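A quick write-up on the structure given underneath.
Bear in mind these aren't lab numbers, they're just calculated from the coordinates by the rules spelled out. Since this is a predicted model, take the numbers as computed values, not measurements. Using ideal geometry, Cβ is built from the backbone for each residue, glycine included, and neighbour counts are taken over all protein chains shown.
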Amino acid sequence: MTLVSIGDQVKEGTYPFHSRFRHAVNFLCDKQLISVVSEEIGDGPLNIVIRDFEGQSATHEPAPLMITANTVVLGSNRFEFTDQDYYRSAVALDNWEPRLFHHNLAVLAEELQTASSPKSLAFLLDEQRTTNFRPGFERAFTDQIRRGVYQMMNGHLLDGVRTLRGCGLGLTPSGDDFIAGLLIGLNLLQQLRGQDYQRIANDVFRTARAGNIFSNSFLDLARRGLLFGRMKDLVLALMHESEETVRKSAARLMAIGGSSGADLGTGFLLTVRGQMGVS
Amino acid sequence: MNVAGQIRKGAYFDSVTLMRVGTEITALPGVIDAAVVMGTKSNRAILNSSGLLSAKFDNASDTDLLVAVKGETETATQSALAAVDGLLKKAINTITTGGESRPSSLAGALNLIPGANLALISIAGRYAGDEAMRALENGLHVMLFSDNVPLEKEIALKKFAQRRGLLVMGPDCGTAIINGVPLAFANVVNRGNIGIVAAAGTGLQEVSCIISNAGAGISQAIGTGGRDVKQEVGGIMFLEGLKALAKDEQTRVILLVSKPPHKDVLRRIEKLAKTIRKPIVTSFVGASTQEDRPSTLEEAALIAVALSQGKPRDEVASRLVARDKEILRTAKREAGKRKRNQKYVRGLFSGGTFCAEAQVLFKTLLTGVYSNAPVGNTKQLRDSLVSQKHSVIDLGEDEFTVGRPHPMIDYSLRNRRILVEAADPETAVILLDVVLGYGAHPDPAAELSGVVRQASRKVSVVCSVTGTNHDPQNRGRVEAALRKAGAIVTPSNAAACNLAGQIIRYRERK
């Protein structure tokens, strides 16, 4: 195994084991969640990417994760790293072309509508997708989401956040992923318009934050404009790249989780298109 | 009805696992609805509004995992909850032991199954061509379910495959049966000695089911995708499929199914067919009829059956003539029930081949036929959503399927249209195809019965059911349910179209 990258928000310390998934092992200390992940998951502000890492194949609980100024110690494995191994999670935008950007947003919308998981929030972009949800819990869930988004679009942003937070399927519920996308979108709008949306973002985060540490971690990073690798690639593709690259980046985003990537993408898209009542 | 729940504290599973387990629980016998969700306040509110909230959840926290089940009976509910542990463990263990590893690439999949010789590809069309080429380069045959693969790519794939002695079934190939294994949308049919090459997906399903229901069986059913027999592609895979069946020892009779190939392609097919010793039956829906060629898919299938059993093909024609007399009797009876201004047939098809066959058959029976996918002299509908005179609609066309599941899976659009057409005072007959098999809706009878019952109060509802009793949906049960709802059910699309057309003709004579 070799270390591929370490997120720029990873701080020195000892992190006890928290949980394990198929491509990730999570460690938690003082509400900071660090994930050791395979290349399949990729870069993130709080990710340590290890080549040939197998998250869930181990049967024993791993020893705590130890991080110093230039080493990561994971059980019997020791990885050294330098400044060059850091993954820089902020996106600096320059020389963007509005027409290209808006064209690429339409491409992203198309990808979400045609290629995202049937149970993603892309039904907010294409009403016909609601037929993918079974009657009962799933349809009640889509009603709740619609209610929350309607509130947001009509000037009641925080009410909408309250309606969406913790709502839906998945370890990070769909509503939380949507809000994370909104926060990322706000950060992008801030840079594009030169307006200060940080207070709104902070309010959204405080309202959305609840007991789910995964969601909280994700939301906090989004609030601060710190992006995981696939999202950063998508934002840069939207600003500068061809339609083909946007489609590929969108596909990589939508491959995250059951529908998490697509849910985040939907929240991001609606925000950046100015539909979330943020002027 | 019974609702029960479980709380799992400190249980962390990734999203894919949770969604998968939720789906599996809902599919358990006697389960009406289920949810596996984090215990947030929002989710508890949704559980409440969908009738899934258990009192156990009152003190759940955001990080608790809630399992909620609504079952037909308490036994069903408790059984489902008892299965949750196993489902969660299976989801984890299959990952840790590699029992059901999920490779994320072709290379990964080949590592897992080194002996694989076929790749079934179903991803967005713009990526599918490259993946198909990768599969071919690795020596695999390809079934390309994806559509929207560029024409140049299709040609390149097929030429490459041809040089390597491999098959490319598709693009837009929805069905095949290879060595007895149904692929994608396919039916459970008998194995036997009739081999099929088809550039028409529902055409393949129709003939393979009729063959199986008649007591014969299928050796191989090779789909090629509809574009294969057009001039540009030149019938590359159609011809390769025909050659493969000619060599296949289990195949004694060959059946070819397609919409009319381009004349150059037809010439190549005929030239190749002359070199093959096995009897070949062709059904090119919409081609000009020749005396020795069957006029319907049903007739072609039955001829293939007769030949496979060493019987003369003539007996099929006489059997169908006798059956058609019965159809006329039924048509006369139905025509008598309709009001004076009820004069049109409205065909609502999930299968494109059936829509085409309907138009061909209506050519001799009716005048003023419109379609959103016209064949021959049929006129183009101005608006696919609004019928004109006699209308036959292919609900599988793009305008109906962009962003939504295919009508063979999702009946909601067609159901709405059935009621619209039934409410039209000029509609006399609604004509439907119901296609069973893997990939199709698991309970079409439940989906359709309500609207058929409603519609049949005003119009004649004529349904063909394509399937076998071994299909997951069970053809016999579906037919019985549709009859109970008031539909007239026929064993083939051709019979249904004939009946619908004859009802109108009797109406016109009144």
Item to complete: Mind checking B:44-55 for the average number of partner chain beta-carbons within 10 Å of each residue's beta-carbon?
Response: 4
Worksheet item: Projected onto the charge dipole of the stretch B:1-125 (+1 at Lys/Arg Cβ, -1 at Asp/Glu Cβ, origin at the Cα centre), which of B:Ser42, B:Ser54, B:Leu112 gives the Cα projection farthest towards the positive end?
Response: B:Leu112
Discussion item. For a protection proxy built on the mean count of beta-carbon atoms within 10 angstrom, sort B:244-250, B:297-303 highest first, please.
Written reply: B:297-303, B:244-250
Discussion item. For B:Lys158, give me every one of the lysines with a C-alpha distance below 18 angstrom, ignoring sequence neighbours fewer than eight places off in its own chain.
Written reply: B:Lys230, B:Lys243
Worksheet entry | Net charge dipole size for chain B [Lys, Arg +1 and Asp, Glu -1 on Cβ; Debye, nearest 20] | 1660
Item to complete: With a bin width of 20 angstrom, please list the P(r) values of the protein assembly as shown as percents of all Cα-Cα pairs, from the 0 bin to the one holding the largest distance.
Response: 15, 42, 33, 10, 0
Discussion item. Can you find, among B:Leu272, B:Leu157, B:Leu255, the residue sitting farthest towards the positive end of the charge dipole of the stretch B:106-317, where Lys and Arg contribute +1 and Asp and Glu -1 at Cβ?
Written reply: B:Leu272
Fill in: Shape call, the stretch B:319-509: gyration tensor on alpha carbons, a/c limit 1.5
rounded
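What size of dipole, in debye to the nearest 20, comes out for the stretch A:98-272 about its Cα centre when the only charges are +1 on Lys and Arg C-beta atoms and -1 on Asp and Glu C-beta atoms?
340
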Worksheet item: Once you sort the root eigenvalues of the Cα gyration tensor of the stretch B:2-96 as a ≥ b ≥ c, which label holds: rounded (a/c under 1.5), prolate (a/b larger than b/c) or oblate (the other case)?
Response: oblate
Worksheet item: Sorted from fewest to most neighbouring beta carbons within 10 Å, what does the list B:Glu137, B:Glu357 look like?
Response: B:Glu137, B:Glu357
Worksheet item: In whole percent, what relative contact order does chain B give with Cα contacts below 8 Å and a gap of six or more residues?
Response: 10
Practice prompt. Excluding residues fewer than 8 places away in the same chain, name every one of the lysines whose C-alpha is closer than 26 Å to that of B:Lys56.
Written response: B:Lys9, B:Lys41, B:Lys70, B:Lys89, B:Lys90
Worksheet, complete the sentence: Assertion target for A:Arg209, A:Arg51, B:Arg414, ordered by fewest C-beta neighbours within 10 angstrom first, is A:Arg51, A:Arg209, B:Arg414
Fill in: Rounded to the nearest 20 debye, dipole of the protein assembly as shown from Cβ charges on Lys, Arg, Asp, Glu
3160
Item to complete: For every other residue with a beta carbon closer than 11 angstrom to the beta carbon of A:Ile179, add +1 if it is Lys or Arg and -1 if Asp or Glu, then tell me the sum.
Response: +1
Worksheet item: Where does each of A:Leu221, B:Leu151 land when they are ranked from fewest to most other beta-carbon atoms within 10 angstrom?
Response: B:Leu151, A:Leu221
Worksheet entry | Residues whose placed amide H lies under 5 Å from that of A:His18, excluding near-sequence neighbours | A:Asn26, A:Phe27, A:Leu28
Practice prompt. Order the peptides A:165-172, B:15-22 from the highest to the lowest mean number of other Cβ atoms within 10 Å of their residues.
Written response: A:165-172, B:15-22
Discussion item. Based on alpha-carbon centroids, what's the gap between the stretch A:182-230 and the stretch B:104-164 in Å, whole number please?
Written reply: 41
Worksheet item: Using helices alone, what [θ] at 222 nm do you get for chain B, with -39,500 (n - 2.57) per DSSP H run of 4 or more residues, divided over all residues and rounded to the nearest 500?
Response: -13500 deg cm²/dmol
Worksheet item: On the first, second and third principal axes, largest extent first, how far apart are the outermost C-alpha atoms of the stretch A:98-272 in Å?
Response: 42, 35, 29
Practice prompt. Quantify how strongly other chains surround peptide A:210-218 by giving the mean number of their Cβ atoms within 10 Å of each of its Cβ atoms.
Written response: 4
Worksheet item: Under the definition of Cα pairs under 8 Å and six or more residues apart, what whole-number percent is the relative contact order of the stretch A:2-87?
Response: 34
Fill in: Share of Cα-Cα pairs in chain B lying beyond 30 Å, as whole percent
54
Item to complete: Name the lysines eligible as straight-distance cross-link partners of B:Lys343: C-alpha to C-alpha under 30 Å, and not fewer than 8 places from it in the same chain.
Response: B:Lys259, B:Lys325, B:Lys332, B:Lys363, B:Lys379, B:Lys389, B:Lys458, B:Lys484, B:Lys510
Worksheet entry | Positive-end residue, the stretch B:319-509 charge dipole about Cα centroid, Cβ charges, pick of B:Ile327, B:Val420, B:Leu385 | B:Ile327
